[in-house]
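Before any comments, here is the structure.
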Amino acid sequence: MTPLEHLTRLCPPPSASAVPVVDWTGVEEAVGFELPGDYKELASRYGPGAFGGFIRIYHPAAPTPWVDLTGPVPATVRAQLQRDQRSSAYRPPHDAQQLFPVGVTDNGDQLFWVTDPEDRPEAWRVAVNEARGPRRHTHDGNLTDFLAGALSGRLAIALFPGGLLDGGTPFVPSPSPDSSPSPDSSPFPDSGAQAASLHDPEPPVHTSDVRTWARANGYEVPDRGRVPADIITKWRQANE
């Protein structure tokens with residue numbers, strides 16, 4: 001059984017008609033390198049969303065730039081890694097130049113491709129860096145194998161919460177850009193929207209997007225509960 005077959009048994013993907021078609025040639029031109037084949041298969045089968053209600057893989061058709069493979073977050077995170085490599089106690093386990101962000105957890109842990117050797121994307125491993133902490137994990141396999149292993153319990157990822165598998169391992173597709181889910185419609189805690197009040201003209205805020213943006217830009221935000229109002233304001237200003 002291939003890693004993708006294993007993953008689709010654990011996390012049934014959406015119907016093919018619900019998954020956006022991706023121009024992979026254009027995406028690879030945008031990021032500046034050839035992407036691993038397993039990633040393109042994974043993204044083409046699932047579309048944007050969250051695995052196990054916890055792990056969000058960056059996708060070129062994501063409804064928000066903060067989880068878009070071609071958006072601003074990968075470059076921002078990579079720049080932060082380079083600063084950490086020079087001065088921080090939380091140094092990456094690999095050369096920052098070899099790490100390309102490919103996902104994020106709801107706790108803010110970052111997933112990376114270890115792009116070595118650069119010209120062999122099929123050989124790239126996966127690294128996970130703890131949010132605001134020193135713990136690291138490197139998986140000697142591709143991204144799809146990492147997801148299948150983490151969500152089946154085959155891989156012990158100390159950075160991930162112990163109850164990750166308690167609610168099953170569903171794949172939760174991202175809402176379309178023009179949808180407005182209510183706060184109670186979230187399929188897992190803290191992943192939906194903080195609704196605007198009846199008198200507030202602002203649209204709902206997807207807290208997972210705000211947390212991803214905030215952590216990529218050096219702001220401290222809680223893992224659960226409401227995001228501070230000043231962080232939401234800064235997020236809105238950055239997205240105007």
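Numbers for the structure displayed
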quantity	calculated
Check on Ala150, in a loop (DSSP other than H, G, I, E, B), at pLDDT 75 or above and in contact with a strand residue (DSSP E or B) (Cβ under 9 Å, 6 or more places away or on another chain)	no
Residue that is open to solvent by less than 20 Å² (accessible area, probe 1.4 Å), under 12 Å from the mean Cα position of the chain (by Cα) and of a type in the set (Ser, Thr, Tyr), where the choices are Tyr58, Tyr39	Tyr58
Residues of the stretch 111-150 classified as open to solvent by 40 Å² or more (accessible area, probe 1.4 Å) and within 19 Å of His59 (Cα to Cα), total	3
For Gly26: the one exception among (1) in contact (Cβ under 8 Å) with a residue 12 or more places away in the chain; (2) farther than 25 Å from Asp106 by Cβ; (3) open to solvent by less than 30 Å² (accessible area, probe 1.4 Å)	(1)
Any hit, the stretch 43-53, residues being open to solvent by less than 20 Å² (accessible area, probe 1.4 Å), among the hydroxyl-bearing types (Ser, Thr, Tyr), at pLDDT 80 or above and over 12 Å from the mean Cα position of the chain (by Cα)	yes
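The values are calculated or read from the model by the stated rules, or taken from the named source; none is laboratory data. In this text the structure is predicted, and so the values were computed from the model without any measurement. So basically every Cβ, Gly included, is an ideal-geometry build from the backbone, and we count neighbours across all protein chains shown. Just the protein is used for accessible areas: all its heavy atoms, side chains included, with ligands, DNA and RNA removed. Shrake-Rupley method; radii C 1.70, N 1.55, O 1.52, S 1.80 Å.
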